[in-house]
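**Student:** I have a structure I would like to understand better, so I am pasting it below and will then ask my questions one at a time.
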Amino acid sequence: DKRFGKPCIKSTRITVYDVLNWLANGMTKEGVMSDFEELNEEMINACLAFAADKEYKLEIAS
């Protein structure tokens, strides 16, 4: 799924980048799940894996 061209977490309108931004700004996984009950730890971990994979692909392309 996509919102404004950005990848979203399945069955939500929350982008991967929203979750990464919240975590980068100090929210814990538990805090994110508390504020957004539609998210679970597996979904948050998938966002982190997405970011790691994207970074890995950028490194290889250089």
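**Student:** Give the residues of the stretch 1-32 that are assigned to a helix (DSSP H, G or I) and out of contact with any Asp or Glu (no Cβ under 7 Å at 6 or more places or on another chain), sorted by residue number. Break it down into steps so the answer makes sense when it comes.
**Tutor:** If we filter the stretch 1-32 for residues that are assigned to a helix (DSSP H, G or I), which is where we start, we get 16-24, 29-32.
Hits for the stretch 1-32 are 16, 17, 18, 19, 20, 21, 22, 23, 24, 30, 31, 32.
**Student:** Continuing with the same structure: What are the residue pairs meeting all of these: first residue in the stretch 40-62, first residue in a helix (DSSP H, G or I), second residue at pLDDT below 90, Cβ atoms under 8 Å, and 6 or more apart or on different chains?
**Tutor:** Listed by first residue and then by second, the contacts come to 43/10; 50/7.
**Student:** Just a yes or no: is a residue in the stretch 26-42 basic (Lys, Arg) and in contact with a Lys or Arg (Cβ under 8 Å, 6 or more places away or on another chain)? Even if it seems obvious, please write down each step before you answer.
**Tutor:** First, pick out the residues of the stretch 26-42 that are basic (Lys, Arg): 29.
Retained after the next criterion (residues that are in contact with a Lys or Arg (Cβ under 8 Å, 6 or more places away or on another chain)): none.
No: the stretch 26-42 contains no residue that is basic (Lys, Arg) and in contact with a Lys or Arg (Cβ under 8 Å, 6 or more places away or on another chain).
The values are calculated or read from the model by the stated rules, or taken from the named source; none is laboratory data. What you see is a predicted model, and the numbers here were worked out from it, not measured in a lab. Counting neighbours? That spans all protein chains shown, and the Cβs are built from the backbone with ideal geometry, glycine included.
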